[in-house]
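Student: Dropping the structure in here first, questions after.
Read the figures in this text as sums done on the coordinates, not as results from a lab. Note that the coordinates shown come from a computational prediction; the quantities given were computed from them, not determined experimentally. Positions of Cβ are generated from backbone atoms using ideal geometry, with glycine treated the same way; all protein chains shown enter the neighbour counts.
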Amino acid sequence: MSIETTLILFKPDAVEKNLIGEALRRFEEGGNTVRGIKMMQLSPEILAEHYAHITDRPFYPRLIQFMTSTPVIALALEGENVISVVREKLGATDSPNADDGTIRKEYGLNSMFNICHASDSPETAEVELKRFFKPEELFSFQAEDYLK
Ligand code: ADP
């Protein structure tokens with residue numbers, strides 16, 4: 001068990017369908033703690049970095065159109081093994097083929113409109129947290145015992 005932080009983006013379909021609360025409730029479940037959260041309008045430039053591994057795919061222009069169509073919510077979430085835990089809660093990329101009970105299975109439409117992005121490894125999480133958050137936008141704190 002290790003304490004990790006992951007980067008989650010609530011994509012424009014989550015914003016448009018008012019699914020932020022429901023998805024965040026599921027992500028927090030099990031004791032994961034929000035360390036940073038903000039709404040932001042993504043640019044094609046930041047998305048070109050974020051999706052560098054798929055810029056040559058035929059669906060890339062449509063993906064950029066989708067991801068810039070509304071602001072998104074960026075979230076830094078901390079917890080035990082939270083990177084893989086969140087990926088499991090989210091489900092496979094192609095929503096209809098995601099496992100039952102996952103967010104994408106329940107709310108996603110297809111391979112593109114799939115509600116959230118979540119980091120897939122400790123290495124990508126580190127890079128992605130830096131990409132979407134300034135150091136002062138991430139909060140490290142210890143709650144008082146009476147709040148636990
Ligand atoms: P994931 O988001 O599950 O880590 P990828 O990194 O492979 O998946 O893809 C990034 C995003 O690109 C996906 O979440 C989805 O929005 C979009 N995408 C991936 N594959 C396809 C596809 N075959 N058709 C349309 N959009 C896709």
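Student: Stretch Lys148-Glu28 to full length: gain in nm at 0.36 nm per residue minus the Cα-Cα span? Write out the running numbers ahead of the final one.
Tutor: On the way: separation 120, 0.36 × 120 = 43.20 nm, distance 1.45 nm.
Result for the pair: 41.7 nm of gain on full extension.
Student: Also, quick follow-up: Take the residue pairs Lys17/Lys105; Lys11/Lys130; Lys17/Lys38; Lys89/Lys134; Lys17/Lys148 and return only those whose Cα atoms are more than 24 Å apart.
Tutor: Working: Lys17/Lys105 15 Å; Lys11/Lys130 18 Å; Lys17/Lys38 18 Å; Lys89/Lys134 26 Å; Lys17/Lys148 32 Å.
Violating the 24 Å limit, Cα to Cα: Lys89/Lys134; Lys17/Lys148.
Student: Just the number, please: Stokes-Einstein D of the stretch 100-148 in µm²/s, Kirkwood Rh from C-alpha pairs, 4 °C, 1.567 mPa s.
Tutor: Working: Rh = 14.0 Å.
Estimated diffusion coefficient is 92 µm²/s.
Student: Something else: For the stretch 11-59, max minus min Cα coordinate along each principal axis, in Å, sorted largest first?
Tutor: 38, 23, 19
Student: Within the P(r) computed for the stretch 8-91, what percentage of the Cα pairs occupies the region above 21 Å? Can you show the working numbers first?
Tutor: Numbers: 1260 of 3486 pairs.
That tail contains 36 percent of the Cα-Cα pairs.
Student: In addition: Note down the relative contact order for the chain as a percent, whole number, built from C-alpha pairs under 8 angstrom at least six residues apart. Mind dumping the intermediate values first?
Tutor: On the way: 227 pairs, mean separation 52.5, N = 148.
Normalised by residue count, the contact order of the chain is 35 percent.
Student: 222 nm [θ] for the chain, helices only, -39500 (n - 2.57) per DSSP H run of 4+, per residue, to 500?
Tutor: Numbers: 7 runs with 54 residues, N = 148.
Counting only the DSSP helices, I get -9500 deg cm²/dmol.
Student: Distance between Cα centroids, the stretch 105-148 to the stretch 1-39: provide it in whole Å.
Tutor: Result: 6 Å between the Cα centres.
Student: At most 12 other Cβ atoms within 10 Å plus a DSSP loop assignment makes a site exposed; report the longest stretch of the chain without any exposed GluC sites (Glu not before Pro). Intermediate results must be reported in sequence, preceding the final value.
Tutor: Numbers: sites that count: Glu29, Glu144.
My reading of the result: 30-143 is the longest stretch.
Student: Sort largest first and round to whole Å: the equivalent ellipsoid semi-axes of the stretch 54-132, each the square root of five times a Cα gyration tensor eigenvalue. The partial results should precede the final answer.
Tutor: Values: eigenvalues 82, 65, 27 Å².
Output for the stretch 54-132: semi-axes of 20, 18, 12 Å.
Student: Could you compute the net charge surrounding Ser140? Neighbours are other residues with a C-beta less than 11 Å from the C-beta of Ser140; K and R count +1, D and E count -1. Please list the in-between numbers first.
Tutor: Details: positive: Arg35; negative: Glu78.
Summing Lys and Arg as +1 and Asp and Glu as -1 gives 0.
Student: Computed over the Cα atoms, what is the radius of gyration of the chain divided by 2.2 N^0.38 Å, N being its residue count? Provide the component values of the computation, followed by the final result.
Tutor: Working: Rg = 15.0 Å, N = 148, 2.2 N^0.38 = 14.7 Å.
Working it through for the chain, the quotient is 1.02.
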